[in-house]
Each structure stands twice: as structure tokens, then as C-alpha cells.
Amino acid sequence: MASTFFGLNIGLSGLYAYQASINTTSHNIANAETTGYSRQTVVTSAGEAMRVYSSYGMAGTGVDIVDIIQQRNAYYDVKYRNSAALYGEYTTKNEYMSQIQNYFNEVNDGGFTDSYNDFFKSLNTLNNDPSSLDVRTTVANNAASLSEYMNYMYTSMQTVQEDANFQIKNLIDRVNSLGEQIANVTKQINALEVSGVTANDLRDARENLVDELSKIVNVTTEEKVTKSDPMDPGTVTYEVRINGQLLVDTAVSKQLVVVPRTEKVNETDLDGLYDVTWEDGQEFSLNNANLKGELAALFQVRDGNNAENLGGKVTTNTVNGVTTLTLTKTNCDDITKLNIPAEGNITIAGKDYKYTGFTVNVLADGSYEYNFNLDEPLANDIKDTDDIRGEIGESVNYKGIPYYMAKLNEFSRTFASVFNKIHNQGTDLNGELGLDYFNWTSEKGANKMLEEFTSFSSDGSAVAADGTIGVSYYKLTAFNMTITSEISSDPKKFAASTGDITQGVENKDNLNKLLTIENDKSLFKAGTPAQFYDTLVAEIGVDASKYETFAKSQESIMNSITNQRLSESGVDIDEEAMNLVKYQNAYNLSAKVIQIMNEIYDKLINGTGI
């Protein structure tokens, strides 16, 4: 049975409901430009009807406030985060490829082209006056300039690699910070919502943190309510996973740590590049095809070798506890392209084995047989019939810093070995055979570098077919390429002639052979030395342009998804203004109901009592 003052309660429920609606609308308007804010609405329902035992059955009891909810669509959140991971990856690659391109673009402005052309111009000038000490000095200076340019390019690539490595550490620190913040906010949400309210603003804060995380690494989230029985209110858990691995478990955040490498992956790598693991020792692989975001891009830029790491068929032989591992049928039978570290790890069947040095034998068919000295013996020797493969380092299918450094090494080794081989065949003004013109050390009295050999070792030594012991071009890189000390200090050491000096100081037969190198298209797959370098620059330009296009395209996709997201959860000022007027009118009408009911009760109580 309804009370005498039933009508006042109905009007009061309206006042409460529309006051809440006005407050929520005001909150929406105040946060119209707040990043990540989701529009909130008051959910109301008709109050439970009351049976009045009359002919019209049941009477309404007013309005109940059910909840204040966010207008948010989880589907758009997932789309946004997937897109953000790709956007973060492409923009980072675009940024670093632009840096690499800027270094190599010096090719047309005082860079490689000028250094390379000046060197051969001075050789042509020497061709007109082979005995001129001044011109010979100019040749040496231009050769030094070409070497210094290769040194500069190599150290520039090291600078980019160091920067990418430093950024990996920064991002890992940021991932840890975001994980802790998400865990703290989740703890606050669960503490508030245990009483039945919805912590909308805290949920927005958490979603913002997850959005930021999604640009760094691909993210998935899951919120679950676990109930032991139907009457149990349940326990709420919230999980955040990065690349499929758990980062946040409700109020607990796991930590990632960076660990400096003790062994190089590529010979060109800087010392101490970072690997990433979980704090508890669990593996977190950066070299994962599913990894996305800025973190994936930085790893690929830093470690990308275009999947050209050394690999081959494995056999082992253990004698007196010392294991020698042999690699045959490998993907590298060319010393100019060899970029494995002198000491490192070889991976066999998913396990890493440390080696402390290697020797390479050149077989009759020209293929290489690699022999590695393992630091620890295998449980059982691997036989030829086992058909097991091993790999040095990691296969990273991206043209990153190691790839371009390897190309610089290939150019330096090939050019130096071809030039030295011809120069060794000539005679200098002292009547002596030509020394190695290019070298990997400027020390006086450097050992002879062997262009042809039957074996070489990780320590740089090499052995020719006739037993001559020298140095291999494995030790020469774009980083240390220089001209031999004796030649730089004594211009007479340039071997321009062939045969005995009695043929005359103007003899220039060997110089003419050296000049053919400039246009020798057999030196590189791309053609002449200049064409090889130009092709490399063009390749970098294509890659840089590709990721610039990808970044712009992904930005457009991101903007489209953001607009879709805002259409669901964004605040429309015009719509909120209309709501404000609508709720004001409804509030006024509810107040009018109370006023009228007050007049009725006044008449009823005071008027009928007279």
C-alpha cells in the first residue's frame, strides 16, 4: 500500500536522477579535450512498481539510478592498439633509415664519389709522370682519404647502432614503468569497485597507459571475473600481455631487465649490446616474428643482418675432452663477406655453445670448411649422417646496421685485396717488389696480406699454398682500413713499374694495371667498385622511402581508427549542451511535481482540518 506522501518520493527520485545526469554532463563537458577520456552517461530505470490493490493494478514508484557507465567499445580499443604497434614500428624504422640515408647520401657531396674519383685521378696524373714524388705523395694522400671515408662510414653506423641500443634500454625502462602504473591503477579500481560502483575515470587512466604501451610493443588485455559459486560476487583479475607474455597480473607487474652481451652476434657489433630477459630469468626474445612496435623496430635496426648469418652442416670430433666442431656446406665461401666474431656462440638444436676461435680450410672446390674450438664438449659427437645444422649468431631478416656494415667491409676487403695483388706484382723506385698498399694496421713492418690462401684463422693468420704465412683479409674492415706505413712515409714505395728498375723510372706497366680496377665490372656482382657503392646507396634509398610510405599509410589508418573510436567514446560539445538543457528541464519538472504535491498535501492536511 502506498504511503500518503508517495507522490513526494516519486518527485524526489526524479530530482536525484536528473541532478546526477546534470553532474555527469558537466563532467563530460569539463573533459571534452582530455586525452583518453570516455564519455559517461547515467543509466536509469523505472522504479519497481508497487501493488496498490485497486482496479488499476500497480503504481509506478519513480526512477532509479542504475549506474554511470563509459561509452567505450572494446573492439575499437583492440584495433587501435594493433594499429599503434605497427605505427610505432614503421615510424621508428623510418627515423633510423633516414639517419642511415643521410650518412650515405654524402656520396654526391664530398663523400665517396669525390674520394674515389680523386684517388683514380691522381693515379692517372701519375701515369703521365710515374717518377714524380709529388704526384706519388698525392696518390698516397688520396688513398688515405678514401680509407678515412670508409672509416668514417663504419663509425657512423656504429653511432646509429649505439643509439638504437640505448633506445632499447630506454623503452624497456618505460615498459616497466607503464606496467607498474597499470598494476597500481588496477589495484585502486578493484578496491573501489568492490562496493559495486564503477571507477570510470580510473579505467580511462588505465586504458591510456595501455594505449601508450601498445606503441612500444604489441599488447593484449583481458579482464575476468572468477566466481566460486553463483552467490559469490567474484574476484576480478586484469592481465596485460606483451607479445603474448604476461606483464601485469592484476596488482602485480613483472619487470624486464637489459643484460649486456658477453659475446658478439655479428663481428661488426659493438661490445655489450643489450639482450632483454625477464627479471626472474625467463626468456624474452626480441628476435620474434610476432614482436611489433618500437621495440621490434629498434632490435631489427640494431641487429638486422638480412638473415645472412653463417650456417651449415655440423659434425664434431672430441679428443681428450676437447671438441672441434666443423661446419660444411655453409652459406659463405667468401672471406670478403665473412662477419662472424672471433669468439662467440654457435647454436645447435636450440642450444648455444661457446667457441674460442676458429680456422677455415679452403677445399678443392673452393668451398669453406669451418673448424671451431668449443669451450665445452658435447655429450655425444655429431656424425655426418646426423644431418644437423648449426648457426653463428642470430638470423634477423631485416637490413639493419650489421648488414650495411658488412657491405662496407665487403667493399673495403675486395678493393684492398685486388689493389694489393696488382701492387705486389710491381716494382718501386728502389727496385723492390711492391708492398701491400692497403692494410688493416698502420704499424711499420706489417705482415704480408694474402689474397690467395689454403687456410686462415680467427687470429688473422693465413697460409698460402706454398706454405707462406701471412695475414688474411678477415682482419681488414672498413673500420681499420688504412695504407701501409712504409708507403705513406716514402712515396718511392709505390710500385708503378714491372720488372727490373733498369727498364727506367718511367716504366708504368703496373700502374696501368692498377688503373683498370676503376672500370673492372668483374669485382662485384653490381659491377665496378663505384657501381657497387652506388647500388648500396640506392638500396638504402629504396628502403628509407619504403618505410616513409609505410609510416604515412599507417598514420592515416591510425587517424581513421581514432575517429571511429571518438565517435563512440568522444565528447560532442553540442550534444552535451542539448543534454544539459534536457536534463535541466526534467529537473525543473521534477521540482514542479514536488511543488504540486506540497500544495496537495497542504490542502489535504491543513485545509480539510478547518
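Quick rundown of the values:
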{"read-out": "Residue among G350, L476, G431 farthest towards the positive dipole end of the chain, charges placed on Cβ", "value": "G350"}
{"read-out": "Phi to ³J(HN,Hα) by Karplus 6.51 cos²θ - 1.76 cosθ + 1.60 over the range 386-395, Hz, x for Gly, Pro", "value": "6, 6, 10, 9, x, 9, 9, x, 10, 8"}
{"read-out": "Positive-pole candidate from G281, A416, I382, dipole of the chain, charges at beta carbon", "value": "G281"}
{"read-out": "Under Karplus coefficients 6.51, -1.76 and 1.60, residue-wise ³J(HN,Hα) of the range 303-312 in Hz, glycine/proline x", "value": "10, x, 10, 6, 6, 10, 5, 5, x, x"}
{"read-out": "Span per principal axis, largest first, for the Cα atoms of the range 354-459 (Å)", "value": "60, 32, 29"}
{"read-out": "Zero-based 5 Å bins, Cα pair distances in the range 1-155, whole percents", "value": "2, 7, 9, 8, 7, 6, 6, 5, 4, 4, 4, 4, 4, 4, 4, 4, 3, 3, 3, 3, 2, 2, 1, 1, 1, 0"}
{"read-out": "Net charge, K407 excluded, C-beta distance under 14 Å - Lys, Arg +1, Asp, Glu -1", "value": "-3"}
{"read-out": "Cα-derived Rg over Rh, computed across the range 90-146 with Rh taken as Kirkwood radius", "value": "1.29"}
{"read-out": "The range 264-343, accessible area per residue, ligands and nucleic acids excluded (1.4 Å, Å²)", "value": "40 Å²"}
{"read-out": "The chain - charge dipole about Cα centre, Lys and Arg +1 at Cβ, Asp and Glu -1, debye rounded to 20", "value": "1400 debye"}
{"read-out": "Amide H partners (placed H, <5 Å) of D275, local residues excluded", "value": "V259, R261"}
{"read-out": "Principal axis box of the range 77-180, alpha-carbon based, largest edge first, Å", "value": "75, 24, 12"}
{"read-out": "Residues with amide H under 5 Å from that of N305, placed H, sequence gap 5 or more", "value": "V396, Y398, G400"}
{"read-out": "Ellipsoid semi-axes in whole angstrom, largest first, where each is sqrt(5λ) of the Cα gyration tensor of the range 515-590", "value": "68, 7, 5"}
{"read-out": "Square roots of five times the Cα gyration tensor eigenvalues for the range 152-272, Å", "value": "41, 14, 10"}
{"read-out": "Degrees separating the helix 401-424 axis from the principal Cα axis of the chain, which is the longest one", "value": "10 degrees"}
{"read-out": "Protein accessible area in the chain, 1.4 Å probe - carbon and sulfur %", "value": "49 percent"}
{"read-out": "With all protein chains modelled, accessible area of E89 [1.4 Å, Å²]", "value": "10 Å²"}
{"read-out": "Packing-based order for 575-584, 236-245, 300-309, using average beta carbon neighbours within 10 Å, highest first", "value": "300-309, 236-245, 575-584"}
{"read-out": "Surface per residue (accessible, 1.4 Å probe) for the range 420-486, Å²", "value": "42 Å²"}
{"read-out": "Translational D in µm²/s for the range 263-371 (Stokes-Einstein at 10 °C, 1.306 mPa s, Kirkwood Rh from C-alpha pairs)", "value": "99 µm²/s"}
{"read-out": "Intensity falloff of the range 567-610 expressed as log10 I(q)/I(0), Debye formula with alpha-carbon point scatterers, at q = 0.14, 0.15, 0.19, 0.29 Å⁻¹", "value": "-0.53, -0.56, -0.67, -0.92"}
{"read-out": "In the range 28-77, chymotrypsin sites (Phe, Trp or Tyr not before Pro) in a DSSP loop with at most 10 other beta-carbon atoms within 10 Å", "value": "Y56"}
{"read-out": "Most positive-pole-ward Cα, L536, N510, S556, against dipole of the chain from beta carbon charges", "value": "S556"}
{"read-out": "Using θ = phi - 60° and Karplus 6.51 cos²θ - 1.76 cosθ + 1.60, couplings along the range 14-21 (whole Hz; Gly, Pro as x)", "value": "x, 4, 4, 5, 7, 5, 5, 5"}
{"read-out": "Equivalent ellipsoid semi-axes - Cα gyration tensor, the chain, angstrom", "value": "78, 29, 15"}
{"read-out": "Amide H contacts of S461 (H built 1.01 Å from N, under 5 Å, at least 5 apart or other chain)", "value": "S472"}
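The values are calculated or read from the model by the stated rules, or taken from the named source; none is laboratory data. None of these values were measured; they are calculated from a predicted model. So basically every Cβ, Gly included, is an ideal-geometry build from the backbone, and we count neighbours across all protein chains shown. Each accessible area value is taken on the protein alone, full model and side chains, heavy atoms only, with ligands, DNA and RNA left out. Shrake-Rupley method; radii C 1.70, N 1.55, O 1.52, S 1.80 Å.
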